[in-house]
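Written below as structure tokens is the structure these notes are about.
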Amino acid sequence: MLGLIYNRLFSQDPAPLIFALLVALSSIAILIMRRSIFSRKPLGIKPEEMRYTDCSAAFRRKRHKLYIFVCQLPFLVCFFHFVFARFINNSWATWHYYGIFYLAAFLIALQPLSDLHPVSRKIYAPLVTIFAAAAFFHTLVFPMAVSSAIRNHTHKSYTQSFVSLTEDMEKYYSLTDWKKTDIAALRDKFLPVVKKAQENDDSGLFLAVIYAYAYYFYDGHVQVFQNTEAFWRSYMLLSGNDYGFSIVRLDDGSYIAVNTDAESEAFGAGIHDGTEIRMWNKKPVEQAVDGVECIYNLTWPVKENEDFFRPVWLSTRGMNDSADIVERLITNAEAEINLRRSPACVGFITDQGEYKELELKALGPGIDRLESTTLSLLHLLKLSKYGVYDNLECKMINADTAYMLRCSESLSLYGNILSYFTGKLPGFKEELAGKLTKLREQGMRKLIIDVRGNTGGFSGMANETASLFSKESFPMDTKATFINGKFKMLTTEYVESDGSFSDIKVVVLTDSFCMSAGDYLVKAMGNCPNVTVMGMTTSNCSCQTTGGQSYLSEGICHVCYPVNWMFDQDGNRFIDTDASRECTLPLDVKIPLTKEGALIMLDKNENTADYQLYYVIEYLKDSD
């Protein structure tokens with residue numbers, strides 16, 4: 001336990017801890033000082049008539065003024081901290097990380113007023129002291145869940161905050177050795193673009209280059225969260241052009257057009273949903289797609305998952321668009337939006353079976369079509385026809401099959417901390433078992449757990465869930481610390497044997513954006529003999545403990561990253577891909593992307609069925 005606490009404390013920013021501690025100690029000191037000033041007196045005596053300890057009248061008045069002044073000091077110090085050290089343009093972070101000891105300091109400042117009433121005179125100061133101590137405890141514990149290595153660079157320039165970000169990650173990022181990430185090289189690569197953004201005060205370009213920087217870590221936990229409206233321009237700079245359709249690659253190796261615009265030049269020339277695409281920008285499409293990088297606000301630890309989406313990005317690339325992200329960002333940023341659009345050349349098979357080439361003008365930025373195609377392939381634009389919306393909500397969908405949505409592995413703040421330290425959540429297990437018991441009473445013999453897009457959380461929920469489906473215990477991750485240049489293994493988490501529902505046939509439906517504790521759940525459930533893991537793509541394969549958060553210039557964005565270590569029983573990093581980017585959570589059954597499936601998923605009809613879920617249901621029927 002002490003090792004795990006060390007893991008979450010070693011990287012914390014000491015400034016908030018120091019301020020919170022000073023406020024707590026000040027409150028205690030003021031309480032002692034107050035008791036030494038005022039003597040006991042009967043109720044009803046006015047403050048100016050209060051008897052003091054043996055001192056001259058003048059000295060007593062000075063001590064009382066000093067007492068009032070000392071009560072204001074913590075608040076004055078916190079006020080200057082707020083002015084000079086708050087998170088610029090991020091009130092949420094300011095108040096969540098600093099607000100609790102700000103409030104304690106404010107309550108201390110009001111303490112002299114409490115002496116005006118005989119009741120508040122007795123209870124206010126002790127209560128404030130208790131609250132100040134609790135505020136320090138909260139400031140100490142709160143970051144343990146998700147932000148143990150928070151750093152505030154919002155007061156710095158674009159260039160300074162970017163360099164500070166890279167220095168933070170060189171010091172704290174826990175997968176540098178595993179993924180062979182050269183952070184210094186990435187800093188050198190993108191610094192010219194950051195300087196260009198600084199020169200032009202271009203917040204959109206700055207945010208775009210941070211997205212590009214994060215892409216090359218190939219880590220689902222290296223994420224950029226934007227905090228301003230700069231995101232729209234950044235997407236415009238990254239998303240390429242719109243030529244009236246997108247491209248996807250089917251499992252048979254062919255490429256087809258999807259999400260076509262009936263008003264576009266491409267559609268008028270014969271390209272519609274399902275049209276086979278053979279050439280892009282004078283290259284065979286299978287050759288052209290190899291050089292495409294899916295740089296956006298998305299993560300691709302597993303290469304085969306990025307390969308699945310590369311054709312969508314290819315369909316936004318013009319003939320004159322540079323493949324180098326640095327050159328492309330600078331070129332795009334310098335040109336007017338409507339002047340930088342490059343034409344594209346496409347070769348396709350007509351409905352008559354003939355090969356035809358066509359040069360297409362860009363309709364505009366590719367952001368809308370790129371996002372709608374990507375989100376449709378992930379089934380994030382359409383709701384399940386079974387009407388299940390909330391995390392852990394479940395219902396019967398036919399006579400013997402139940403469906404459960406699992407989009408998060410997070411509970412309350414302190415529940416998450418308990419899960420981090422113990423890997424257990426007994427109350428959650430009891431609640432989940434109750435839900436499953438009710439479903440079994442309704443005839444459940446099969447269960448689909450939908451973890452597509454699961455944003456993660458903590459391991460306790462996964463361990464407790466898997467225990468219900470396993471008759472045997474098995475080890476999961478081992479948390480470690482890094483001391484004196486060596487890893488020291490600490491505690492190992494286990495899925496305990498319970499097996500209450502081991503007779504239920506389970507399918508876990510995943511995708512490339514099921515990550516973190518979602519990945520953990522896929523691995524835990526995949527170890528159960530009655531569970532089949534299915535998906536059109538594999539899970540994200542990112543599971544190391546997060547905690548790094550670097551807030552950048554003007555609060556434009558902040559970057560999150562792992563700072564702790566988890567190992568499997570073979571001594572490798574738990575779940576996370578290494579430099580090879582090979583999947584560590586392979587599927588038991590891959591859902592094929594057929595032409596029919598692609599057209600169903602990209603159908604603009606909001607009532608279209610969930611193709612992947614339909615495939616799972618049919619699979620379960622055939623398994624009888």
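The values are calculated or read from the model by the stated rules, or taken from the named source; none is laboratory data. This structure is a prediction, so every number in the text was calculated from the model and none was measured. Every residue, glycine among them, receives a Cβ derived from its backbone with ideal geometry; neighbour counts consider all protein chains shown. Quick note on the areas: whole protein, heavy atoms, side chains included, nothing else; ligands and nucleic acids left out. Shrake-Rupley method; radii C 1.70, N 1.55, O 1.52, S 1.80 Å.
A few remarks follow.
- Region 538-556 - residue that is open to solvent by less than 10 Å² (accessible area, probe 1.4 Å) and β-branched (Val, Ile, Thr) and, of those, nearest to residue 226 (Cα to Cα): 556
- Residues of region 566-596 satisfying the condition of being part of a strand (DSSP E or B), farther than 30 Å from residue 272 by Cα and out of contact with any Asp or Glu (no Cβ under 6 Å at 6 or more places or on another chain): 567, 573, 589
- Every condition in (1) within 18 Å of the chain's Cα centre (by Cα); (2) open to solvent by less than 50 Å² (accessible area, probe 1.4 Å); (3) not small (Gly, Ala, Ser) holds for residue 455 except the one numbered (2).
- Set 524, 466, 462: member being of a type in the set (A, V, I, L, M, F, W, C), open to solvent by less than 10 Å² (accessible area, probe 1.4 Å), over 29 Å from residue 176 (Cα atoms) and in contact (Cβ under 8 Å) with a residue 40 or more places away in the chain: 466
- Subset tally (residues that are open to solvent by less than 60 Å² (accessible area, probe 1.4 Å) and out of contact with any strand residue (DSSP E or B) (no Cβ under 6 Å at 6 or more places or on another chain)) for region 436-451: 3
- Residue 244 under 30 Å from residue 275 (Cα atoms), open to solvent by less than 10 Å² (accessible area, probe 1.4 Å) and not in a helix (DSSP H, G or I): yes
- Number of the exception - residue 94 against (1) open to solvent by 50 Å² or more (accessible area, probe 1.4 Å); (2) under 29 Å from residue 560 (Cα atoms); (3) not hydrophobic (A, V, I, L, M, F, W, C): (1)
- Just so you know, in region 130-143 the residues that are open to solvent by less than 20 Å² (accessible area, probe 1.4 Å) and more than 21 Å from residue 91 (Cβ to Cβ) include one that is modelled with the lowest pLDDT, and it is 141.
- Among the conditions (1) in a helix (DSSP H, G or I); (2) of a type in the set (A, V, I, L, M); (3) crowded, with 18+ Cβ neighbours inside 10 Å, residue 599 misses just one, which is (3).
- The one condition in (1) farther than 23 Å from residue 482 by Cα; (2) in contact with a strand residue (DSSP E or B) (Cβ under 7 Å, 6 or more places away or on another chain) that residue 159 fails to fulfil: (2)
- Unmet criterion (only one of (1) under 20 Å from the mean Cα position of the chain (by Cα); (2) of a type outside the set (Phe, Trp, Tyr); (3) at pLDDT 95 or above) for residue 161: (1)
- Close contacts from region 76-96, counting a first residue that is on the phi > 0 side of the Ramachandran plot and a second that is assigned to a loop (DSSP other than H, G, I, E, B) and open to solvent by less than 70 Å² (accessible area, probe 1.4 Å), with Cβ to Cβ under 8 Å and a gap of 6+ residues or different chains, come to 89/154; 89/227; 89/228; 89/556.
- Identification of helices (runs of 4 or more DSSP H) wholly contained in region 272-379 with 2 or more residues that are modelled with pLDDT under 95, open to solvent by 20 Å² or more (accessible area, probe 1.4 Å) and at negative phi yields 325-334, 367-377.
- Flag for residue 560 being modelled with pLDDT of 95 or more, under 26 Å from the mean Cα position of the chain (by Cα) and open to solvent by 10 Å² or more (accessible area, probe 1.4 Å): yes
- Neighbours by Cβ (under 6 Å, 6+ apart or cross-chain): first from region 144-166, under 16 Å from residue 207 (Cβ atoms) and open to solvent by less than 30 Å² (accessible area, probe 1.4 Å); second part of a helix (DSSP H, G or I) and of a type in the set (Ser, Thr, Tyr): 153/161; 153/164; 158/553; 161/553
- For region 255-271, residues that are assigned to a loop (DSSP other than H, G, I, E, B) and under 34 Å from the mean Cα position of the chain (by Cα) total 3.
- Residue count for region 522-544, restricted to those that are within 24 Å of residue 478 (Cα to Cα) and in contact with a strand residue (DSSP E or B) (Cβ under 6 Å, 6 or more places away or on another chain): 9.
- Test: residue in region 604-612 that is under 17 Å from the mean Cα position of the chain (by Cα), among the polar types (S, T, N, Q) and either crowded, with 20+ Cβ neighbours inside 10 Å or not in a loop (DSSP other than H, G, I, E, B) (or both): no
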